[in-house]
Amino acid sequence: MRAALAAHDKVLRSAIEANDGFVFSHTGDGMAAAFPSPVSAVAAAIDAQRELQLPVRMGIATGEAELRDNDYFGMVLNRAARLMAAGHGGQILVADSTAGLLSGVDLMDMGPRRLRDLPNPINVFQLRLPGLRTEFPPLRALDASPGNLRTQITSFVGRESEVTEVEAALRAHRLVTLTGVGGVGKTRLALEVAARLADEFPDGVWFFELAAVTDPAAVPDAVAAVLGITQQPGKTVTESVASALEGRSRLLVFDNCEHVVDSVADLVGAILAASVTVTILATGREGVGVREEQLWRVPSLDVTSGTESAAVHLFVDRAQSVVSDFSLAQPGEADAVVEICRRLDGIPLAIELAASRMASMTASDVRDRLDHRFRLLVGSRRGLARHHTLRHAVAWSYDLLDDAEKVLLERCSVFAGGFDLESACAVAGSDQDEFEVLNLLDALVRKSLLVADRSSGHARFSMLETIRQFAEEQLVAHGEASEIRAAHSRYFAGREADIMVLWDSPRQRDAYDWFTIELANLRTAFRWATDHGDLDVAATIATYVGLLGNLVGNFEPIAWAEELIEPARAVDHPRLATLYMQAALCWFVGRIEEAVGYAEAGQTVIGTGHYEVPFGLEGGLGLVYVVIGQPERCVEWCRAQLARGHDPLTVTRAWLVLALSHAGAGEQARAAANGLIDAAEATHNPWALAYALRAYGFVFGDVDPVRALEALRRGLVIAQDSGNRVVESQLATPLSRIEAEHGDPLAALDHITLAIRHFDDSGNVGLIRNPLATLAVFLDRLGRLEPAATIAGFAFDPHTASLVPQLSTVITHLRDVFGDQTYELLARKGETMTTATMVTYAYDQIDQARTELQTASK
């Protein structure tokens, strides 16, 4: 073939150049050439056809074009290309624009033809000459091509990459099935692909709408009727159809196969066995199940790109067909449309139904009513019945399930944010084992009602929200909702033992990852248990999830603990002390006074001797005293807990070390820190070890900065590797100070940035002032005094002054330099900034300081 193409290229170039033309584009086995006159172009085509050994089709059109960089641009190129595509090997086709300028040549008028991508039909002529072939199959023009594919009345929005991928799949496989949930756009995508590939199938594209075929046995008859095939003597209808298609180059599109899938499989299998020239494109909720089949899942439209997403473009296009002046520029409409598309999972049918409401509503009106989407999204009564409403589209899929599949789908609707096999088993019922549930999940995935994500190494299942709401409605209608939601809550409470064993081990990150993945389910489980008075379940979830959340910078479960304190106190619940300890961490989010109250109440409860906090974390009830500038009270509380001999993770000892340091008892703090790291290492708990290294590095920072840097750097690596984001930030803050004074100043800026970012992302207003105070100290050292004063004004409070004692020294220095009045103006500027504004300001100052340090080091 390589040699044949080389000869092909040589003949064409020779013929073109001999007739004063030149090749301006060469695309693999095709060429585009320009000529000074139509006569020259025709002469070149004739000369080339007489010499070529390969059958080549040619198209000639005349018109204006723009020459740029040795390439032509203009509509005439498109006309010539489409004219050529309509022909067959050995055929020369001439457009009417050229034919009118020719004389003395034999042109056969083939009449007006509509060619793909051209808005109006053009008159097509075939050049006839002695020695050249004159008989050819019918042109591949849209209106001359056999088949029953109809032009679509709506524009095709988005999906360009999907069209290209499906086209490629059809060229590589004889059977491609588009699968996906109802309303996702399988039919529209199939029609678009079929229309674009029509030129490649001389015997046409044939579309079979099977949704109206209710009897599976009638599928072969329905297909035969469309193709005009009659049953042959001695053959079944299926065999007759397969036999009639033998040798035909056709694309058959079987649409909506799911309810008659077995009959379609029999027919498709017979067709593929009888003919190697037929290609089949099918659509359905699941695959046809024929051996040669290539499945291609149709995704929802993109909703992640805001107003530039395909989903929003579809909404706007359809809305403007209802209300011509609809625009995203109208106040509030852009945000509302983006949210509509997101909450409708990017499902085209749902988006189109929502857009149709623009005739009488605003996008904001629609958005605010999406909790009732099945009543809201009702469309025209024209078209397919299952597309009249969103409910019809989903019900069509649901009704095709068997009873066991329906039950599991309904029960899995209680999950939020997805679920795994173990979770599904928990709600499936005790009468089904793991493999039975797995088989049902597999069936629901194949039928496009569940989505399986295998990217993490373990399959996780999810539903589009529209499917979940429909399934939940069925669960409620069948009277099982309360029972299954209670089972869901009990399951996640019951995960405590396994997850906390995982947490208290070198695999701690796995526990945090689980928390992150399951947070939506944990939230739902907690809410159900709390609202329905199941205090045991609610308290279990609030306490163990609270510990995980607090250590990764998610403080939502603090409020869960607060909510349960009164009901737990009323019944003297065994988890009351742990709830107080979790609630006392509300100082992380800036609620200092409440934190003190919870801490003191928790200490009183623990003082009765009837309560314990898991992992010996009672010492945490003293931390708020450091925040309010009373570290001596934290020292007293921690010593009391250590005297009880219950500090299995060594963290109470680490808290004592820090509290002593803040209380000014440096020697006692360092004495308490000796041996702390070895003890923490023996726990095999990464958080405990990272925290011990933090305490050690903090108290030795001034007296032995080398050892302090070593401890803090090691602690930071452990915290990052194990996912302990809060202690990672707590390590980064003192590490940045010591790096600035005794190590690498650029690394110091990196550590400050990390701490600020983590605290800001998590909303930890209780600790974010510490890295900002450290930054103010560093900027003062660099001579960047105005930003140092501004940031100091924001960062200074009793807690920060205790944790970063250098800040007070810097403020004194700044007052000496600026004078009290100027300093107060600068500090007031920082003090009045919001946290978000200050963080942005700090990042800018860090960038400037980094540039200055890098320049100085060159």
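Between (i) 1.34; (ii) 1.28; (iii) 0.94, which matches Cα Rg over 2.2 N^0.38 Å calculated for the structure shown?
(ii)
Expected output is a single nm value to one decimal: the length gained when fully extending between R50 and D797, i.e. 0.36 nm times separation in residues minus the C-alpha distance. What is it?
This chain segment gains 259.6 nm when fully extended.
Name the residue farthest towards the positive end of the dipole of the chain from the options L281, P771, Q91, assuming +1 on Cβ of Lys and Arg, -1 on Cβ of Asp and Glu, about the Cα centre.
Checking the options against the dipole of the chain, the answer is Q91.
Between R150 and D678, how many nm apart are label points set 7 Å from Cα along the C-beta direction?
So the label points at R150 and D678 sit 8.6 nm apart.
Taking K406 as the anchor, which lysines have their alpha carbon closer than 27 Å to its alpha carbon, excluding any fewer than eight residues away along the same chain?
Within the straight-line limit of under 27 Å, K406 reaches these lysines: K186, K447.
Find out how many positive minus negative residues lie around F136, taking Lys and Arg as positive, Asp and Glu as negative, among other residues whose Cβ is under 12 Å from that of F136.
Taking every other residue near F136 into account, the sum is +3.
Can you compute the FRET efficiency between V105 and T236 using 1/(1 + (r/R0)^6), with r the Cβ-Cβ distance and R0 = 60 Å? Round to the nearest 0.05.
0.65
For the stretch 775-825, report the accessible area per residue in Å² (1.4 Å probe, heavy atoms, rounded to an integer).
That works out to 42 Å² per residue.
Where the eigenvalues come from the Cα gyration tensor of the stretch 430-486, what are the semi-axes √(5λ) of the equivalent ellipsoid, largest first, in whole Å?
Computed over the stretch 430-486, the values are 22, 16, 11 Å.
Could you work out how far the C-alpha centroid of the stretch 267-303 sits from that of the stretch 310-348, in angstrom?
Cα centroid of the stretch 267-303 versus Cα centroid of the stretch 310-348: 32 Å apart.
Go through the stretch 550-566 residue by residue and turn each phi into a ³J(HN,Hα) via Karplus (6.51, -1.76, 1.60, θ = phi - 60°); whole Hz please, and just put x for glycine and proline.
Whole-Hz 3J(HN,Hα) from phi for the stretch 550-566: 4, 7, 10, x, 10, 9, 4, x, 4, 5, 4, 4, 4, 5, 8, 4, 5.
Taking amide H positions as placed 1.01 Å from N in the peptide plane, with prolines and chain starts having none, which residues 5 or more places from R297, or on another chain, fall under 5 Å of its amide H?
T179
Percent of alpha carbon pairs in the stretch 382-470 separated by more than 24 Å?
19
Compute the projected area of the convex hull of the Cα atoms of the stretch 747-858, averaged over all viewing directions, and report it in nm² to one decimal place.
That works out to 6.5 nm².
To one decimal place, what Kirkwood hydrodynamic radius in Å is obtained for the stretch 480-563 from all pairs of distinct Cα atoms?
Computed over Cα pairs of the stretch 480-563, the Kirkwood hydrodynamic radius comes out at 12.7 Å.
With no solvent and one point on each alpha carbon, what is the Debye value of log10 I(q)/I(0) for the stretch 563-718 at q = 0.10, 0.13, 0.21 Å⁻¹?
Taking Cα atoms of the stretch 563-718 as identical point scatterers yields -0.36, -0.60, -1.33.
Along the stretch 38-52, what does the Karplus equation 6.51 cos²θ - 1.76 cosθ + 1.60 (θ = phi - 60°) give for ³J(HN,Hα), rounded to whole Hz, x for Gly and Pro?
Running phi through 6.51 cos²θ - 1.76 cosθ + 1.60 with θ = phi - 60° gives x, 4, 4, 5, 5, 4, 5, 4, 5, 4, 5, 4, 6, 9, 5 Hz.
Any idea what angle helix 434-446 forms with the longest principal axis of the chain, computed on alpha-carbon atoms, 0 to 90 degrees, nearest 10?
That helix lies at roughly 50 degrees to the long axis.
Remind me, relative contact order of the chain in percent, using alpha carbon pairs under 8 angstrom and six or more residues apart?
5
Loop by DSSP (not H, G, I, E, B), at most 10 other beta-carbon atoms within 10 Å: where is the longest site-free stretch of the chain for GluC sites (Glu not before Pro)?
After excluding every exposed loop site, the longest remaining stretch is 136-858.
How big is the charge dipole of the chain about its Cα centre, in debye rounded to the nearest 20, if each Lys and Arg gets +1 on its Cβ and each Asp and Glu gets -1 on its Cβ?
1620
Just add up the charged neighbours of Q294: K/R +1, D/E -1, any other residue whose Cβ is under 12 Å from the Cβ of Q294.
After counting each charged neighbour, the total is +1.
Please state, as a whole number in µm²/s, the translational diffusion coefficient that the Stokes-Einstein equation yields for the stretch 182-274 at 37 °C and 0.692 mPa s, with Rh defined as the Kirkwood radius across alpha carbon pairs.
Once the numbers are plugged in, D ends up at 237 µm²/s.
For the Cα atoms of the chain, what angle does the longest principal axis make with the long axis of helix 508-531, in degrees from 0 to 90, nearest 10?
It works out to around 90 degrees.
Points 7 angstrom from Cα along the Cβ direction at E710 and R569: gap in nanometres?
Simple spin-label model gives 4.9 nm for this pair.
Rank F207, V268, V839 by how far each Cα sits towards the positive end of the charge dipole of the chain (+1 on Lys, Arg Cβ; -1 on Asp, Glu Cβ) and give me just the farthest.
Positive-most Cα among the choices belongs to F207.
Quote the charge dipole size of the stretch 142-190 about the Cα centre in Debye, to the nearest 20; the model charges only the Cβ of Lys and Arg (+1) and of Asp and Glu (-1).
For the stretch 142-190, the charge dipole is close to 180 debye.
For K10 paired with Q320, estimate the spin-label separation in nm (one decimal), with each label point 7 Å from Cα along the Cα-to-Cβ line.
Going by the 7 Å Cα→Cβ label model, 5.4 nm.
Leaving out same-chain residues fewer than 8 places away, which aspartates and glutamates sit with a Cα under 16 Å from that of K858?
The qualifying aspartates and glutamates are D744.
Could you pull out the trypsin sites (Lys or Arg not before Pro) across the stretch 267-362 that fall in loop regions by DSSP (anything but H, G, I, E, B) with no more than 14 other Cβ atoms inside 10 Å?
Qualifying residues, ordered by number: R291.
Quick one: which residues, 5 or more positions from I280 or on another chain, have an amide H under 5 Å from its amide H? H modelled 1.01 Å from N in the peptide plane, none for Pro or chain starts.
For I280, whose amide H was placed from the backbone, the distant partners under 5 Å are L175, V176, L252.
Working from the pairwise distances between different alpha carbons, so that the mean of 1/r is found and then inverted, what is the stretch 534-584's Kirkwood radius in Å?
Every distinct Cα pair counted, the radius reaches 10.4 Å.
The values are calculated or read from the model by the stated rules, or taken from the named source; none is laboratory data. Since we're looking at a predicted model, the values are computed, not measured. Note that each Cβ is placed from the backbone with ideal geometry, even for glycine, and that neighbours are counted across all protein chains shown. Heads up: the accessible areas ignore ligands, DNA and RNA and are worked out on the full protein's heavy atoms, side chains in. Shrake-Rupley method; radii C 1.70, N 1.55, O 1.52, S 1.80 Å.
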